[in-house]
Amino acid sequence: MSVIPFDDRDGKIWMDGQLIDWREAKLHVLSHGLHYASSVFEGERAYGGKIFKSREHTLRFHASAEQLGFTIPYSAEVLDAAKEAVLKANGLSDAYLRPVAWRGSEMMAVSAQASKIHVAIAAWEWPSMFKPEIKAKGIRLKWAPYKRPSPETEPVHAKAAGLYMICTISKHDAEKHGYQDALMLDYRGYLAEATGANLFLVIDGEIHTPTADCFLNGITRQTVIALAREAGITVHERHMKPEELARVSEVFLTGTAAEITPVGEIEGQIFTPGTITHALMDAYTKATRG
Ligand code: PMP
């Protein structure tokens, strides 16, 4: 697979208040964000030049930083305008946006009280997280070797780099075995989420999704719950054990990058993307493309 490395592309990245050349958007190796995971980020999509739920993402970005004990030094207005400027500077209308904030290099130990907070925003074309032909059939999930931690263990509602350590390990394990993604249980053994997307199940024509009490309550998850209810579909948010999958007819994932992705298999258990998944995919396309 040949990919253009992300540090060697043409274009502009917004960094610490200004648009700079893509290749110059660098940080020092002695950055607290790199060594101690003091870093939070966002993932957003623009459709036809309009960023979907831009302000919600910006507010979550601020809130994630606060949960790690730092304040992003730019207002929501400034960040929203910066995102627009990044799209424009790169000539993008359908794109994925990645704001990221991290503690810098002033202190290099666990404590980093005096470290400066840096912010960057990049954007690029990313049509689909999973290949369209695989997505159409439904992706294959493998059980993850790690569980989502308890809220007493980590700031579980932050979109923070540190929480992705177990996601990358789990996703690599899944890919090594020929699956597209991993499905994580939580610390109690309840169904939780995939490595970068939330989980939805269909049982007897109704939707069931795990309670977001120890993982990200995705903006797409909230959108899809609202769209389902508008369509007259009953939605239950509750704790579920994996044994319940035996009663499930359809499974799908939701996320900014994944949008609505049907699931065709969870390690040997087969599901067929059906009417509810397809109806919500259509509704989500309409909602995002205005
Ligand atoms: N869970 C995880 C671990 C994620 O990385 C994401 C993607 N941000 C989601 C859920 C879905 O969140 P959203 O719908 O806000 O993109």
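The values are calculated or read from the model by the stated rules, or taken from the named source; none is laboratory data. Note that this is a predicted model, so its numbers are computed, not measured. Here the Cβ is made from the backbone with ideal geometry for all residues, glycine too, and neighbour counts use every protein chain on show. Accessible surface is based on the protein model in full, side chains and every heavy atom, while ligands, DNA and RNA are left aside. Shrake-Rupley method; radii C 1.70, N 1.55, O 1.52, S 1.80 Å.
Centre-to-centre separation between the Cα atoms of the range 81-157 and those of the range 232-290: 23 Å.
Once the Cα atoms are used to define both axes, helix 76-89 deviates from the longest principal axis of the chain by about 90 degrees. Between the Cα long axis of helix 165-176 and the first principal axis of the chain there is an angle of about 50°, rounded to the nearest 10.
Residues considered: Ser75, Ser105, Ser38. Largest GNM mean-square fluctuation over the chain, using C-alpha springs under 10 Å, is found at Ser75.
Charge dipole of the chain (Cα centre as origin; +1 on each Lys and Arg Cβ, -1 on each Asp and Glu Cβ, all else neutral): 160 debye, rounded to the nearest 20. The overall shape of the chain, judged from the alpha-carbon gyration tensor, is prolate: a/c is not under 1.5, and a/b is greater than b/c.
Once you have a ≥ b ≥ c as the square roots of the Cα gyration tensor eigenvalues for the range 95-164, tell me rounded if a/c is under 1.5, and otherwise prolate or oblate according to whether a/b is larger than b/c. Oblate, since a/c reaches 1.5 and b/c is not below a/b. Computed extension gain for Glu77 through Ile134, at 0.36 nm per residue and net of the alpha carbon distance, reaches 16.7 nm. The angle separating the long axis of helix 219-230 from the principal Cα axis of greatest extent in the chain is about 40 degrees. For the chain, the carbon plus sulfur part of the accessible surface works out to 55%, probe radius 1.4 Å. Compared with the alpha-carbon gap, the fully stretched path from Asp8 to Asp204 is longer by 65.6 nm at 0.36 nm per residue.
When only Cα pairs below 8 angstrom with a gap of at least 6 residues are kept, the range 132-289 shows a relative contact order of 26 percent. Multiplying the residue separation of His35 and Lys116 by 0.36 nm and subtracting their alpha-carbon distance yields 27.7 nm. Look at the dipole of the chain built from charges on Cβ: of Val224, Ile134, Ser93, the Cα furthest out on the positive end belongs to Ser93.
The label point for Gln269 and the one for Glu154, both projected 7 Å from the Cα toward the Cβ, are 2.3 nm apart. When the alpha carbon gyration tensor of the range 66-112 is reduced to an equivalent ellipsoid, its three semi-axes come out at 28, 12, 9 angstrom, largest first.
Average accessible surface for the chain: 47 Å² per residue, computed with a 1.4 Å probe over protein heavy atoms with every protein chain in place. Only Cα pairs under 8 Å and 6+ residues apart enter the sum, and on that basis the relative contact order of the chain stands at 17 percent. Each of Met240, Leu163, Pro151 was placed along the dipole of the chain (beta-carbon charges, centred on the mean Cα), and the one lying farthest toward the positive end is Leu163. May I ask you to list the residues of the range 196-228 whose amide nitrogen lies under 13 Å from a point 7 Å from Cα along the Cα→beta-carbon direction of Lys286? From the range 196-228, the list is 227-228. Would you mind classifying the range 12-124 by shape? Square roots of the alpha carbon gyration tensor eigenvalues, ordered a ≥ b ≥ c; an a/c under 1.5 is rounded, otherwise it is prolate if a/b is larger than b/c and oblate if not. Prolate shape, in that a/c is at least 1.5 and a/b is the bigger ratio. Between Phe61, Phe252, Phe70, the Gaussian network model of the chain with springs among Cα atoms under 10 angstrom shows the greatest mean-square fluctuation at Phe70.
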